[in-house]
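Working notes, beginning with the structure itself.
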Amino acid sequence: MQLGVKEAASLLEVSEKTIYRWIKQGTIPAYKLNEQYRFNRAELLEWATSRRIHISPEIFSEVDASRLPLPSVSEALQAGGIFYRIGGQDKNTVLRAVVDTLRVPEEVDREFLYQVLLAREALGSTGIGDGIAIPHVRNPIVLHLPRPTITLCFLENPIEFGALDGNPVTTLFTLISPSVRAHLHMLSRLGFILRNKDFRAHLSEQSSREELLRALKAAEEVLPPPPPPVTEPQLPRGDRVGGE
């Protein structure tokens, strides 16, 4: 959800003048669209959290999140893409290359996204073992997208990620979501699918895109379909807010 200056000031419990000062200083993640500044709710949350700025509980509310359709993991992966031979000599340079690869709208600040990924890694490795990592920020990556995407990157060189099993990482999944609800939905389903031996074997072999998607769809078949969007109940005409 895109917020205006007034909404951002309310959520951060500061004056609009302060928001404009932060924009001028280039410290707050903002986008200028049609001569007006806009803010992404989750980016604002991540930014405020990293600076220990007091925030209103309202920032965690996602009014329209439950109304968005949720794709399958295979659909999200097709949207995000599968990429091979991603370069980098260490965790930082690999994450930089991954951010440069992500299919995100032009207005997304890739430098900010890179910095919050680094901040998350500083808290603890996102390596989950067996050469796989799922880099993400402290709060879900929620950007200006119509639906969630998953990007799969195979690294050119194994990279030390500080994973619990001690193995270097060769495979990275990065989730981009339009809502926290969508992020948690995709993360839980991906975690289940990564336990599938056949799919893990294809990851280890860095199989073709076609083979990976086929194995993913097979692993996903045992999962229930994504829940449908929540629709508002139809109230009697006289009970509707703003009704005539």
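Below are the figures for this structure:
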item: Qualifying residue in the stretch 75-87 (condition: basic (K, R) and at pLDDT 95 or above); result: yes
item: Extreme residue, nearest to V180 (Cα to Cα), among residues of the stretch 15-47 that are β-branched (V, I, T) and not in a helix (DSSP H, G or I); result: I28
item: The stretch 90-118: number of residues that are of a type in the set (A, V, I, L, M) and either at pLDDT below 85 or under 12 Å from the mean Cα position of the chain (by Cα) (or both); result: 7
item: Candidate set: the stretch 103-125, residues that are part of a helix (DSSP H, G or I) and touching a residue at least 60 places away in the same chain (Cβ under 8 Å); chosen: the one surrounded by the most Cβ atoms within 10 Å (Cβ to Cβ); result: V116
item: Qualifying residues in the stretch 13-34 (those that are touching a helix residue (DSSP H, G or I) at 6+ places or on another chain (Cβ under 6 Å) and buried (at least 17 other Cβ atoms within 10 Å of the Cβ)) - the one farthest from H54 (Cα to Cα); result: A30
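The values are calculated or read from the model by the stated rules, or taken from the named source; none is laboratory data. As the structure is a prediction and not an experimental result, all values here were calculated from the model. When we count neighbours, we look across all protein chains shown, and the Cβ atoms used for this are built from the backbone with ideal geometry, even at glycine.
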